[in-house]
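Right, one structure below, let's go through it.
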Amino acid sequence: MNDIREASACGTVTVPSEEGMLHACVLGEFEPGWQGHASHVAAEHGVLWIELGKSAAFVGESGTSVRDAALQAVRSVRNDEPGRGDAESTAPVPHAGLQCQAHYAWPLIDGAFVPCTALARDNGERIEVFSAASGDPHLPGALADATGLPVTRFALYSLDTAAHGDQDATSAALAAVALMRKTGRSIRVEGFLSVRAGGSATLSVGASLDAGGRLLDWHYKAAVAEPSRATPSRHVQSPYAARHSTSLIDDEQDSIPRAAHAFARESFVDEIARGNRIDPVDFRLDHLDTVEDAGARELIDSLAQRAGWNRDVRKKEGHSALAPGRGFAFDAREDALDGNRTPEYSAWIVDLDVDRLTGDVNIRRVVAGHAQGRRGLGAIMGVPARRIAAASSRLLGMPFAAEPSHDETAGSRAVSYRIHPVQALANAEALQVQVTEPVHVPHIDSSPAAAAIANALYDATGVRFRAPPFTPERVRAVLGGAKAPRDAVPQRRRRSLRTAFAAGVLGSLIALACTAWPVRAPIAPIDRPTSSTWSEATVARGREVAAFGDCAVCHTAPDGATNAGGLALETPFGTVYSTNLTPDPKTGIGNWSFAAFDRAMRQGISRDGHHLYPAFPYTAFTKLSEADMTALYAYLMSQPAIESAPPQTRLPFPLNQRALVAGWNALYLKQGAFVPNPSRSAQWNRGAYLVDGAGHCSACHSPRNALGAEKGASRYLTGGSAEGWVAPSLVANSKSPVRWTEDALFDYLRTGFSREHGVAAGPMAPVVAGLSTLPEADVRAMAHYVASLSPVIAGAAPAVVPKADAIRLQGLDNGRRIFEGACAVCHSETGGVGNFGVRPLLALNTSVSEASPENLLHVILHGIDAPATGELGYMPGFSDAFDDRQVADLASYIRARFAPGEASWGDLAQVSGKVRNQAH
Amino acid sequence: MSMHAISAGSALDVEPLALNVNGRTWSVEVARSTPLLYVLRNDFELNGPKYGCGLGQCGACTVLLDGGPTRSCVVPVAAALGREVLTLEGLGTLDALHPIQRAFIDEQAAQCGYCLNGMIMSAKALLDRNPEPDDSAIRQALRFNLCRCGTHLEIVNAVKRAAHYLKTEPGR
């Protein structure tokens, strides 16, 4: 056991490439009678049929063909069985008035395809098994039993797949090894299919409401298909308050899963809420106690805010066959045996499209969260991507993948996911899974998934689906659509293109409408919203957005209160003073509604209708997602209000004519939230969203034109300026002696120091100070995106630091003496004597090789008295020790010695005089 | 000589700070931007570290911050929060000199003695990371500690002797 752990503790093993691997799809509970039929199907698809005791598998050279074969075999076996059919349970049941009742069905053995990758390979020395079950303590024993080999022969690696920790994952790993030994080749198990469905459970709910829409009675009955005569065994509690409630569970074997009860209850609540024209989320909140269920309410509130539940952002589709829908479901669990246990809640919001013709259900987004505790949750846990993918795949009968939305931090906190069918990805990409050490992942319930999808289906089609799974065949049958072509994938691609086109047209219409109104109407003031309006999770998220956006850096005056405004920003057009962002109604934004805030952030128009100067980077903030914008508003509104009127910005004529900014906006403001690029990874999109949106990196790092607008396209991030400093290029034309890599960018952004480039100073220091507190995965994503902008030149040798030319150093003795006396103690080539803090080597320092000397002069004259992080150390400034001529001598020497490949700087004494007088 | 870079913070911005110096916790109310040297000398009366150039060049003010040599005249007191500060006073006492101090006396390495705090503290940092330094390692480590009296050879000998003492007196 121990050496297996050791073997798996290695994190750098590469997952075997698909090349030369056989693909397999495993069928469970195989019966000998099906052998002839299965062999026939195998021959038809050009794959092998291999029996493994109780189970069997289709094995072939391509993943698609083995899955198709397995699906066909299972479908035909199922059709042979009499008495199957679910038309009855999925048919709409009419209900009227306040008394209502509905019946649901839940298949007890899930018949759907379960994607659960496992790989087995014999490298001669050991049998390597990559699976989601590597943390299962029984797996090594089971492998040894099944093969008769000693436990030490196996090396187990963890593969982050849809079926993590499930029984399915263990079966897949065992099957992979068995098939590998039978075929003598490496095996990749694509998934698992159960051949026989084991009946279903019947779930009946009835309820009556009073005239005010509150629950009076609630009756629930659940039974396995063939009811036994035993007395009801369990009580299943509904989390919703009703005056009178009963439940009868006839399930001696305990075979009805929690998810089934949740499915029936949540579907039914949706039915009665919609039947009474009450918003389904409001209906649930109305029936959850404000004190006892505060935790549940906070979770639901947060997710609804996150998903924009009340905002109907759905666009009209030109393609009438495609119906969008949105559904919500909630589940609470509390062990009735022990009253002291903390309750756990989970909730899902699903957005999907239904193709009425083909019956295809395409989930677009899932917002799902999980929380514990009666009240004051603080933070909400997300649901791991693989759980979401696994639940979606099971319920829809086809493999889906989930990845965090571009405005989510990856990891356990992400709550919003983009969902796409696995076929849409190249197979190679699907294989790029994280190999991690085996870890115990706490089981997070996906019980609300089925009802959330069913409710969304109702929202989309008006038809109530009362039994999972929601496979295309069944959806099509219920909707009465035409027979779909077998291959549904190209359809889906066409559809998404059309959607993108429609969105584009809509976007440009909005832009046209904007330029048509040069005068903007004020938005009515509101009373300051109380901070309890938002959940703590939303406020916490807003705090992060504010940190990414560095609001406080510009909106806080020296020695002033945070965000109370008044910092003087020197621009080429004059001094602009930042405004008060605290929720003070008189001098701040306390009486701004969300609509006013959103307009200011996206269009640069103040609540009273006047234009804000583009020193405020609304051209970047316009890219923020709806959810982040809401969270940011929530955060700012819940901070202490500070009454402080910052100085008025007075620019000279004609710049004081703020209406002119409307014309500027028409030229340079590109409105519209960030649109992820589907051909790039989730990490790349997250990085791009942060860099271009909240992070507004291009505000400093892109050059600006004569009108102060950022130059885009080929000049994007090619270097600009900020507060008298040079903001270096972030792309290929960078002057940096060593190419910036993703790791170097990450170190720099996270700690303020990169060994190969130098230290963050000047206006970049507060940026790093903010980033050092934000989730590491996000900073990594930013580094990943920025690094992707500079193509790697194949075969390029690592930069060699050129040696100083003795001839060029002639005549620079003055500078050399100053350097030896003042600088060399820390910055000599040997790294000085190891003083406290980091000591960047000047030969690698970007500021020494930049085209202009401002950054170097800033640091020489003013030092670094406020480092980005505590580890960086301090540098004294020498403005009182050296005059401009001496500074010029020193800078000339540093340039000649440490950047011998670059031309000398001119007018150093003059620039030094300018920088000396600049505020730093 | 003025302390431009370091006195940048507002003088009124005073708050109680807790510092760990020579294994003891000290409390002081000063602005966070005050140079560490000023606090050590004026508030804690630890006059081992000397005020020399005030620009981090001569090394007379050297103290160890978490074991690393630090020019305390150019480091604000805020940098020492949460770190261990070691000054000359933390090495030994008159009755029980630290081997490095004893070696400097035995080699008669002082003329005026103003630089010796920096020499000894830098030697301490050197010997902590390299117990058997050769001549060039010693010269490199002390290269940026300025001495105007010219006892350089005695100082190098003192560091070598200190290495010997430390090796042969394992109790220290």
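The values are calculated or read from the model by the stated rules, or taken from the named source; none is laboratory data. A quick note: this is a predicted structure, and the numbers were derived from the prediction, not measured. Counting neighbours? That spans all protein chains shown, and the Cβs are built from the backbone with ideal geometry, glycine included. In case anyone asks, the SASA skips ligands and DNA or RNA and just uses the protein heavy atoms, side chains included. Shrake-Rupley method; radii C 1.70, N 1.55, O 1.52, S 1.80 Å.
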Scanning region A:722-735 for residues that are closer than 25 Å to A:R916 by Cα and in contact (Cβ under 8 Å) with a residue 60 or more places away in the chain gives A:E723, A:G724, A:W725, A:V726, A:P728, A:K735
Residues of region A:837-868 being touching a helix residue (DSSP H, G or I) at 6+ places or on another chain (Cβ under 7 Å), within 13 Å of chain B (Cβ to nearest Cβ) and at pLDDT below 90, in sequence order, are A:R839, A:A866, A:P867
*State yes or no: is A:E408 of a type in the set (D, E) and in a strand (DSSP E or B)?*
no
Filter pass, A:G574 being modelled with pLDDT of 90 or more and open to solvent by less than 30 Å² (accessible area, probe 1.4 Å): no
- Message: Condition check: surrounded by fewer than 19 Cβ atoms within 10 Å (Cβ to Cβ) and hydroxyl-bearing (S, T, Y). Does A:S644 satisfy that?
- Response: yes
Filtering region A:542-560 down to residues that are open to solvent by 50 Å² or more (accessible area, probe 1.4 Å) and touching a helix residue (DSSP H, G or I) at 6+ places or on another chain (Cβ under 7 Å) yields A:R543, A:V553
Within region A:584-606, is even one residue surrounded by fewer than 18 Cβ atoms within 10 Å (Cβ to Cβ) and aliphatic (A, V, I, L, M)? yes
- [ ] Look at B:L46 and say whether it is open to solvent by less than 10 Å² (accessible area, probe 1.4 Å) and either more than 14 Å from chain A (Cβ to nearest Cβ) or modelled with pLDDT of 95 or more (or both).
- [x] no
A careful count of residues in region A:340-373 that are in contact with a Ser or Thr (Cβ under 6 Å, 6 or more places away or on another chain) and open to solvent by 20 Å² or more (accessible area, probe 1.4 Å) gives 1
Discussion item. Would you confirm whether or not region A:662-677 contains a residue that is assigned to a loop (DSSP other than H, G, I, E, B) and hydroxyl-bearing (S, T, Y)?
Written reply: no
**Prompt:** Is at least one residue of region A:527-547 at pLDDT 85 or above and closer than 30 Å to A:G663 by Cα?
**Reply:** yes
Pairs returned, first residue in region A:883-900 that is free of Cβ contacts under 8 Å to residues at least 40 places away in the same chain, second residue that is open to solvent by less than 40 Å² (accessible area, probe 1.4 Å), beta-carbon separation under 7 angstrom, 6 or more apart or interchain, are A:D884/A:S912; A:D884/A:G913; A:V887/A:L857; A:V887/A:I860; A:V887/A:L861; A:V887/A:S912; A:A888/A:L908; A:A888/A:S912
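Any residue at all in region B:22-32 that's within 14 Å of chain A (Cβ to nearest Cβ) and either in contact with a Ser or Thr (Cβ under 9 Å, 6 or more places away or on another chain) or open to solvent by 40 Å² or more (accessible area, probe 1.4 Å) (or both)?
There is at least one residue in region B:22-32 that is within 14 Å of chain A (Cβ to nearest Cβ) and either in contact with a Ser or Thr (Cβ under 9 Å, 6 or more places away or on another chain) or open to solvent by 40 Å² or more (accessible area, probe 1.4 Å) (or both).
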- Condition test on A:L612, is it of a type outside the set (V, I, T), without any contact (Cβ under 8 Å) to a residue 60 or more places away in the chain, open to solvent by 10 Å² or more (accessible area, probe 1.4 Å) and closer than 26 Å to A:A722 by Cβ? yes
Checked pairs for region B:138-158, first touching a residue at least 24 places away in the same chain (Cβ under 8 Å) and within 11 Å of chain A (Cβ to nearest Cβ), second surrounded by 14 or more Cβ atoms within 10 Å (Cβ to Cβ) and of a type in the set (G, A, S), C-beta under 7 Å and 6 or more apart or across chains, list as B:F144/A:A824; B:F144/A:G832; B:F144/B:G59; B:N145/B:G59; B:N145/B:G118; B:N145/B:S122; B:L146/B:G59
Please verify whether region B:20-32 includes one or more residues that are in contact with a Lys or Arg (Cβ under 8 Å, 6 or more places away or on another chain) and either in a strand (DSSP E or B) or within 26 Å of B:R129 (Cα to Cα) (or both). yes
Residues in region B:64-121 that are among the charged types (D, E, K, R), crowded, with 23+ Cβ neighbours inside 10 Å and away from chain A (no Cβ under 14 Å) total 0
Result of the Cβ filter at 6 Å on region A:647-669, keeping first residues that are within 15 Å of A:S606 (Cα to Cα) and partners that are at pLDDT below 75, at least 6 apart or interchain, is A:A662/A:P518
If we keep only residues of region A:869-908 that are of a type in the set (D, E, K, R) and either crowded, with 21+ Cβ neighbours inside 10 Å or touching a Phe, Trp or Tyr at 6+ places or on another chain (Cβ under 9 Å) (or both), then the residue farthest from the other protein chains (Cβ to nearest Cβ) is A:R895
Note on A:E820: of the conditions (1) away from chain B (no Cβ under 14 Å); (2) out of contact with any Gly (no Cβ under 9 Å at 6 or more places or on another chain); (3) at pLDDT 75 or above; (4) open to solvent by 40 Å² or more (accessible area, probe 1.4 Å), unmet is (1)
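If you scan region A:309-325, which residues turn out to be open to solvent by less than 20 Å² (accessible area, probe 1.4 Å) and modelled with pLDDT of 85 or more?
Matches in region A:309-325: A:A323, A:G325.
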Being within 21 Å of the chain's Cα centre (by Cα) and charged (D, E, K, R) narrows A:R686, A:R755, A:R715 down to just A:R686
A:R274: passes all of (1) without any contact (Cβ under 8 Å) to a residue 40 or more places away in the chain; (2) open to solvent by 30 Å² or more (accessible area, probe 1.4 Å); (3) outside any loop (DSSP other than H, G, I, E, B) but (1)
Those residues of region A:264-299 which are farther than 15 Å from A:S532 by Cβ and of a type in the set (A, V, I, L, M, F, W, C) amount to A:A264, A:F268, A:V269, A:I272, A:A273, A:I278, A:V281, A:F283, A:L288, A:A296, A:L299
Residue count, region A:544-584, condition part of a strand (DSSP E or B) and closer than 24 Å to A:G720 by Cα, comes to 9
